[in-house]
Amino acid sequence: MAKNMNQQKENVLLSVIGENDLKVIIEDAFRKIMLELKEDIPEVDEWLTSEQVCQMLHISKSTLVNYRKRNVIASHKIEGKLLFRAEEILAKINKIKVFKSEGELVH
């Protein structure tokens, strides 16, 4: 009986809104959701390889590995590749500059 009631509600909804209008509403909602999801995914150029990070920080690959193990620098595995967010690396650089200017120990 509940199944029959749900079917009747769906039929009433379609007759009030109309099938084409409902389709437009669903497509708009889907489009909005996809845009929101896209905003959460960084652009490709916001990701750096290990080599790029080493060049930016003037460090060796072994130092970068050490920093990753000690959680000094966060890394992300994406499609099997180890990448770093440029934003996070720049934040580290700025933090180091502040520590150096204040005479504190840099980790």
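Which shape class applies to segment 44-101: rounded if a/c is under 1.5, otherwise prolate when a/b exceeds b/c and oblate if not, where a ≥ b ≥ c are the square roots of the Cα gyration tensor eigenvalues? It would help to have the intermediate numbers written out before the result.
Details: a/c = 1.86, a/b = 1.46, b/c = 1.27.
It comes out prolate by the Cα gyration axes.
Run the quick spin-label model on Lys61 and Ile78: label points 7 Å from Cα toward the beta carbon, then report their separation in nm to one decimal.
2.1 nm
Give the relative contact order (percent, whole number) for segment 44-101; include only Cα pairs under 8 Å separated by 6+ residues.
Computed over segment 44-101, the figure is 37 percent.
Take Gln7 and Asn20, extend 7 Å from each Cα along the Cα→Cβ direction, and tell me the distance between the two endpoints in nm.
A separation of 2.8 nm, rounded to one decimal place.
What full-extension length gain, to one decimal in nm, is calculated for Glu27 and Glu46 as 0.36 nm per residue of separation minus the Cα-Cα distance? Kindly include the intermediate steps, with their values, before the conclusion.
Numbers: separation 19, 0.36 × 19 = 6.84 nm, distance 2.98 nm.
So the extension gain works out to 3.9 nm.
Only the coordinates and a few stated rules stand behind these numbers; no lab work does. Computed from a prediction, not measured in an experiment: that's the story for all the values here. Positions of Cβ are generated from backbone atoms using ideal geometry, with glycine treated the same way; all protein chains shown enter the neighbour counts.
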